[in-house]
Structures are given as structure tokens and as C-alpha cells.
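Scroll down for the structure; my scribbles are underneath it.
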Amino acid sequence: MSYDHQRIDKKWQSAWEKAGIFHAKDEDSREKFYALVEFPYPSGAGLHVGHPRSYTAMDVIARKKRMEGKNVLFPMGWDAFGLPAENYAIKTGVHPAITTKENINTFRRQLQSIGFSFDWSREFSTTDPAYYKWTQWMFLQFFKAGLAYKAKAMINWCPKDKCGLANEEVIGGNCERCGTPVEKREKEQWMIAITKYADRLLADLDTVDYLPKIKKQQQDWIGRSEGAEIDFDDIKVFTTRPDTILGATFVVLAPEHPMVGALTTDGCRAEVEEYIALVSKKTDIERGDDTKEKTGVFTGSFVVNPANNEKVPVWIADYVVVNYGTGAIMAVPEHDERDHAFAEKYDLPIVDRPLLSFDEALKKTGGRKKVTYKLRDWVFSRQRYWGEPIPLVHCEDCASTGSAPDGWVAVPDEDLPVLLPDVKKYEPTDNGESPLSSIKSFVNTKCPKCGGAATRETDTMPNWAGSSWYFLRYIDPKNDEAFASKEKLKHWMPVDVYNGGMEHTTLHLLYSRFWNKFLFDQGFVTTSEPYARRHSHGLIMADDGTKMSKSKGNVVNPDDIVAEFGADTFRMYIMFMGPFEEPVPWSTNGVVGVRRFLDRVARLPEMIAETENASVTKVLHKTIAKVTKDIDDFSFNTAVAAYMAFVNVVYASGRVTKQTVVQFLMLLAPFAPHLANELYETIGGTGFAEVQPWPVSNATLAADDELTIAVQVNGKLRGSIVVSADMNEADLIVAAKAEPNVAKYVIDEPKKTIVVKGKIVNFVV
RNA sequence: GCCGUGGUGGCGGAAUGGUAUACGCGACGGACUCAAAAUCCGUUCCCCGCAAGGGGUUGAGGGUUCGAGUCCCUCCCGCGGCACCA
């Protein structure tokens, strides 16, 4: 009998839905377990095979935890603000809300067809006004705490998306979304002071269980370095090597440094202005290219090196960046490669002077210890339509009376959400204004504070806003009084295991940790860290090892695999294809292999007998132990291999007891839940597999009574002997020596005999 | 350039310092069949050998160890992150 996957998949999916067995209960005496996957952006292309890799892994874990008696929360929702829906609207005129709704329906249908055990009763989208009401409310908490501020700053600007970007959204000098090289633009932007949390975001990594590479990447991104700030007259420089200060023969400012104008002498002004104009035209990539020759220009001014009172010239060069340290450096050509190259090119002195100690240098110069971070504040404004409106009003009157500093007034809580208005045109503008700015009825409003005429902020939030706190909303998704009740937060947080892509390590993962910490400080959430454990999955590549892409036409659609081979085959193959953290190529042949395995499983009921070989019982208990451990370790591929090995043993033996089959089906249920339920029902089981207890390995039954011991001579394998497991060491050595082939090599008494229990006897002769 | 990570059959991959190549794919052979498919059973790292057995093999070269895919050193290649961050 080969199994009819289409019938079975549907049957059990609707049975689960009807019984509501995946609904997490807020009041429950069982221990809670919160399993989280990154919620998807519901794109028009539908689900990609990459999505289910993460979802299947966490579904396996969630299903196992339920069988182990945990109260599991495993939710799903939609991160639906973002550019593709907006760009589609520009092309077709269809409102993003409509496309988003359609795409969500497609995604939901696809996810349900794979049989994920999500609690659909908690589903929401970040674009729901009932949700973004709280995103806006949280932004106002940042604003009220002084952490959200509007500032004129050089920001990253994507000329294609016509939108400002956060530093985290610039990948290798290119726009994270579209790959276009970013430009620098000076713009007034809402910023959030994530840098105030730099030290805690770094230090608290010690309190969480993240993959080491994830921690490392966050540490590098935060980029803490200890050094000193030292005054060369009015110029403050930052250095990690104050000990080298006697060799500092010039000072370099970044071209954007505020003191450049004042320091430039009339004689040098034309040249300096020309240089600054030249630099401002460069993209980040051009400027960051350290293989190119360094360029710079002399300001005409000199300052005093406080360590030796020597006059040193002040230069401007774009190898110094304005927003790190103080934007100014002391150049020590003798100790720094870059300074050396620059000094050689412009014929500046290179001197070898003795080193001071760190403290000596500070004392001599009046310098201060200083810690600097590479992390920058979060650029939070976007000049696009399809995002949460920033809930602030600008009032000139309040600005002039001083009742609202800079005139920015928060929209009162009772007026939230500030709804996204309908527009006719979605096009972003070249002048960097949001499309919302052309809607008079939205822009013109009354000041909540003084009642006078005022205008709304027209920038929207980045798509990272809604995803920064969604894990909190799942806990209490229908609450209208708060984003989530304190009691429920206390019950469910933190997330026990969170899986997602490495590409979010310095974006979503960092932002949401920060966001949660802020809410914690304000007393709104109960844990300082949102995720106790973080894991990540590798990309699924096309069968030729390249990235799947629509343009190459090598994208695998999960629908096709589910329809042809069944949901369980799809799930198990995705888990079997390779180590979970590594990128792996898709192989349709591999899918066929897993389907063959499930066909073999489907025939197990035909082999049921009154008794079974001891080898079958033994391998069952070994398999239970291995699979249990492998799932906990995210080692899903070897768990699947263990299932296959078990079935191979049963086939070789030809018979198996019903009891063993039931145990095996329960063990299989997290990976292949539809087939496990069907077969369980076929052999007379009652109730869902999902509510059966997780099988327990019996160590006595799993133990071997006979062992194969490898016998080595000088570390080289010369034979093997089968002995009873309880044989003592002396007898074992005698038996090993007696092995005929070994005896040829071991004639005299061995110099040394090494016995590795249960594995090896090694004679050194 | 710096940091991290990896390199194992024809392919995807497995292996707490202890029998390298589990499991799957592919290939080959057999059974079943009028035949094919499906299924079931075998074989499948390389070399020598009828066999017993022997030799070699985890990117290259050294080392530590009774024993190294695993640990250490040097080098080569792939992937990821950061990238003039002072």
C-alpha cells in the first residue's frame, strides 16, 4: 500500500483545525514554551522554499515540546509594511492594502498546506490599525523619554527607492533591498538613540544563548573600543593608542568636521572647498575603497601636540570618517599604516619616538579615557507611503512659546492610531518628501496641545518598526487596552527559542533587542532580553548551488512539491537535505528518496506481528534516544537518518510488534504528522498523535548485550572480535590477542595495551 | 586587509581524540513480471590479490599521541561578516 498523501494531508489538517489543538492556553499549569519563527513579508511571489526551512524546524520542536507535556505558544503573523506592495501600487494603482490582503491569503493557504502547527487564532499583520496603533504608541514612548529626536544628519540615501536608510540597511555600500549604491544626503530625520543602549546590548549577550557567530556579529557591529580623547588645542581627537602620541606629526579632520571652515586659512580656502566638493560626490563604496591612494588637503592651520608642545599641521582627508570617534585623529605615521601612506604622499614628517604608557600619556596631555562604539543612532524616518505614520504634530505656536521644544507635539494616546490616509499617487518624490506630504487633509490638523493650526509629520516608520515588538503582541493579540497585559507577558516571556536568518543579525535582531530593553526600562515588559535562545538556518540554494531567483527561473515552489509528494515528504526532505545552519542545494532526487522512505513507513502496519526480534526493540530505543537529542540540538538531518535506519532494521527482520510501531509513529509525528496520525488511526490508535506522550528510551532495552570490539596493533586495525558486553578487561585482552590475524602481529608481550571501553583494544608492540 | 567558518566517495552529507565514508541520491547486479514501472534483496572510496589478506585515502605539508577527519603549526582554496573605525 502506497499512501494517498493528498487525502491524508487534508484530512488531518482539517481535523487539527476543527479540534483547535494548537491553540496555546494563557492559563495553564503546564510549563510554558514559546517557540518563535521570523514572520514573513507576504510578497506577491508567494512562499519560497526558504521560508519552510525555518518553520519546519521550529514546528518539529514545537510539536515535540507539546508531546513532552509543555504548553506551547507557536504563533504566526505578517510583517506586511514595505516597499514591494508600494512599488506594485505605483505600477498598477492597486492599493497596497489590497495586494497585502491577497498575498496574506496565499501565504496562509500555503503554510496550512504544509501542516505547520501554528496557533492561527493569534494571527495579525503589522499593517492592521489595531496593531500599528501600538507601534505608534511605542514610538511616542521613545519620544517622551527623549530617545526619539529629529536631527539634520548626513544619511544614507537610496536613489532608486528614493528613501533614507539606516546604517544597518546599507550592505557593503549598497541598499539592502535593491542593491543600488547608496549616496549621502543631508536631511532632517527622526532618529532613535540606540547608541544609548550600546553597552547593554553588548554586555547582555552574555546572558543569552545565541549561536556564537550571531553574538560575534552583533559584537562587531556594536564595535566597542577603548581609547582616549585628547585635545590638540581646540581639536579633540580620539585614539586607541595614546601611548604613541610623541610620534603624532599632524592632525587629520574628516571633510565634514564642523571645525573645517574655521580652521581653513584664506590662502588654502579655494583648495579645501574644492576637495570637500569632490569628496561629497563620492559614494560610500568609492570612499571606503582603501586600495585607492589616499587624498587630502592642508587647511593652513597648525595646532599644538600637547605631549611635546610641537606645532603640527591640520589636514583634511576622507580616510577619516566624521561619525566615528570625534571625526578627528592624531596621525602617527610611524605606527599606523594609513597615516604612513598619507605622510609619504604629502611629504609629512615620519618620526620614531619612544612610547609612553597609557596613563602617562593621559597625564601629560590632559586626555580623558573614552569608549567609542561603531554603532550609530537608528535613522527612523522613511519617505514612503506604505508604513506606519509617525504620530507627531508640528506646532509653530508651541515652538515659539516653548511649551513644546522644537514644536513637536505627540498625538494623544486616545487619538491613536494615526491612520494611513488614502492617496491617489504613491510615487516617492525626488526632493525627499513623503507622498503623504501632498495630502492636505492629512497634513493640516490641530495642535493637540494648544488647539491652534498645526501640521503632521509626513515621514513613515521603517519596516523594522513593526517587527521590533511583534513577539509581544502574539501573547495578547486582541488586547485594546494595552499592547499586551502584564500578567500574560510575565507568563510567556521570554521567547524560549527563536529561529531566523543570519541576514537579520544586525537588523531586526539588534533592533528588537533594543526595543524590548527600552520597554523593560519603562516598566512595560518583564524581561530585559526578549529571546533566551537564538538559532539560525542556512539558505536553500538552487540545485546548481546558486541562489534561487525569479529571473533565473530556478525557484522551487513549495506548492508543487506538496501536491506531488505530500506535505510530510516536503517537511522531512527539508530537514534531511543537510545541516540546518548550512546553505544546501535543492535536489528533487533527494525528495524522491524521502518519499520512498515514507512509503516504507506506510507499509509498516503490514508487518505487525505478535513478537519481534530483539534487534528491533533495541534499535527502537536507540532511535528514540538519538532523535530526542538531535531535535534538541537542531541536528534534524541526522534525526531523519536515524528514522531511516530504524525502518531498514524492521524490514530486514520482517516483523514488528504493534507497540513498537506506535512508539515509532509518535517519534515520527513531529516531522511527518499527517502520516503518523493516519497510520496510528489505521492500527487502532485513538486520539491525535499530537496529544500522545513523547516516547521514552529505555536504557536497558537500548543496551547491546554483544559488542564488536576493534582490535588494533600499533593503532592499525587488524581484526575485530564479538564479545559479550559485560566481559571484563582481562578476558577481553585475552580474546583480542587470540584473534588469528592479530596473533600474527602480537608475538611477544605487548609494550602497552590500551582498552577503550566498548570500542577498541590496541596493542603497542 | 582583519575576524569568523568550512574543505570527507560520482553527488547531498555522517562521525564525544577510538573500526572514516552512517543515512539518502546515483550506478550496477538479482528476485518478482509476458514486459516495463513500482517494490523487495544485494554490491558500490581507491590500488594489489582467486581468496585470506595487504597497502593507500578526509585540500597540501609538518607536528603532538598507543591512536588524528577531529588537537597544534605553515600554506592553498571556498563561503560569511566587517572594511581607511584611528
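The values are calculated or read from the model by the stated rules, or taken from the named source; none is laboratory data. The model shown is predicted, which means the values in this text are computed figures rather than measured ones. Methodologically, a virtual Cβ is constructed for each residue, glycine included, from the backbone with ideal geometry; neighbour enumeration extends over all protein chains shown. In case anyone asks, the SASA skips ligands and DNA or RNA and just uses the protein heavy atoms, side chains included. Shrake-Rupley method; radii C 1.70, N 1.55, O 1.52, S 1.80 Å.
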Of the listed pairs A:K32/A:K213; A:K424/A:K446; A:K133/A:K478; A:K292/A:K370; A:K162/A:K552; A:K160/A:K184, those with alpha carbons more than 19 Å apart are A:K32/A:K213; A:K424/A:K446; A:K292/A:K370; A:K162/A:K552
Treating every alpha carbon of the range A:299-380 as one equal point scatterer without solvent, the Debye formula yields log10 I(q)/I(0) values at q = 0.25, 0.26, 0.27 Å⁻¹ of -1.49, -1.51, -1.51
Loop-resident trypsin sites (Lys or Arg not before Pro) in the range A:716-764 with no more than 12 other Cβ atoms inside 10 Å, DSSP not H/G/I/E/B, are A:K751, A:K757, A:K759
Expressed in angstrom and ordered largest first, the alpha-carbon extents of the range A:58-204 along the principal axes are 55, 47, 32
Cα extents of the range A:651-720 along the principal axes, largest first, in whole Å, come to 57, 23, 22
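So what is the orientation-averaged projected area of the range A:134-272, using the convex hull of its C-alpha atoms, in nm²? Write down the numbers at each step before the final one.
Values: hull surface 53.8 nm².
Spelled out: convex hull of the Cα atoms, projected over all directions, averaged, 13.5 nm².
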Per the Cα gyration tensor, the range A:51-104 corresponds to an equivalent ellipsoid with semi-axes, largest first in Å, of 36, 10, 7
For A:D521 the rounded accessible area (nearest 10 Å², probe 1.4 Å, non-protein molecules ignored) is 70
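Do you know the relative contact order of the range A:467-584, to the nearest whole percent, from alpha carbon pairs under 8 angstrom that are 6+ apart?
23
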Here the Cα Rg-to-2.2 N^0.38 Å ratio for the range A:201-258 is 1.64
With the 8 Å Cα cutoff and a minimum separation of six or more residues, chain A has a relative contact order in percent of 14
If each part is reduced to its alpha-carbon centroid, the range A:134-164 and the range A:653-710 end up apart, in Å, by 55
Per-residue ellipticity at 222 nm attributable to helices in chain A (runs of n ≥ 4 DSSP H, -39500 (n - 2.57) apiece, nearest 500 deg cm²/dmol) works out to -11000 deg cm²/dmol
Using the Kirkwood radius over Cα pairs of the range A:562-701, the Stokes-Einstein translational diffusion coefficient at 25 °C and 0.890 mPa s, in µm²/s and rounded to a whole number, is 161
Applying the span-like rule to chain A (DSSP H, Cα extent along axis at least 18 Å, Kyte-Doolittle mean at least -1.0) gives A:50-67, A:96-113, A:129-144, A:266-281, A:508-521, A:588-602, A:614-632, A:636-653
Sorted largest first, the Cα spans of the range A:424-529 on the principal axes come out in Å as 46, 37, 24
Compactness check, the range A:1-64: C-alpha Rg relative to the 2.2 N^0.38 Å globular estimate gives 1.42
Expressed as a percent, the portion of alpha-carbon pairs in the range A:492-637 spaced more than 26 Å apart is 49
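Test of understanding: express the Cα radius of gyration of the range A:631-683 as a ratio to 2.2 N^0.38 Å, with N the residue count.
1.17
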For A:R224 the rounded accessible area (nearest 10 Å², probe 1.4 Å, non-protein molecules ignored) is 110
Placing one equal point scatterer on each C-alpha of the range A:1-120 and summing with Debye, one gets log10 I(q)/I(0) at q = 0.12 Å⁻¹ equal to -0.54
Taking a ≥ b ≥ c as the square roots of the Cα gyration tensor eigenvalues, with a/c under 1.5 meaning rounded and otherwise prolate when a/b beats b/c or oblate if not, the range A:582-665 comes out oblate
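Output the Kirkwood hydrodynamic radius of the range A:262-328, Cα pairs only, in Å rounded to one decimal.
Working: mean 1/r = 0.0750 Å⁻¹.
Value: 13.3 Å, from the Cα pair sum.
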For the range A:356-494, the Debye formula with one identical point scatterer on each Cα and no solvent gives log10 I(q)/I(0) at q = 0.10, 0.19 Å⁻¹ as -0.56, -1.16
Straight-line reach check, A:K716, cutoff 27 Å on alpha carbons, 8 or more apart in-chain or any other chain, hits among lysines -> A:K737, A:K744, A:K751, A:K752, A:K757, A:K759
Reduced to Cα centres, the span from the range A:287-335 to the range A:444-481 in Å works out to 44
Note on chain A: C-alpha Rg/Rh, Kirkwood Rh, two decimals, gives 1.06
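Beta carbons within 10 angstrom, averaged per residue: use that to sort the peptides A:37-46, A:205-214, highest first. Present the calculation step by step, with values, prior to reporting the outcome.
Details: A:37-46: 19.3, A:205-214: 13.9.
Averaged packing, sorted descending, gives the order A:37-46, A:205-214.
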Hydrodynamic calc, the range A:665-765: Kirkwood Rh from Cα pairs, then Stokes-Einstein at 20 °C with viscosity 1.002 mPa s, so D in µm² s⁻¹ is 128
Answer check: the range A:119-188, Cα atoms, Kirkwood Rh, Rg/Rh ratio of 1.11
Mean shadow area (nm²) of the C-alpha convex hull around the range A:89-146 is 6.3
For A:S225, A:S400, the accessible-area ranking with a 1.4 Å probe, largest leading, is A:S400, A:S225
Counting only protein heavy atoms and leaving out ligands, DNA and RNA, the solvent-accessible surface of A:T99 at a 1.4 Å probe, in Å² to the nearest 10, equals 10
With every protein chain kept in place and a 1.4 Å probe, the residues A:F763, A:F520 fall, from largest accessible area down, as A:F520, A:F763
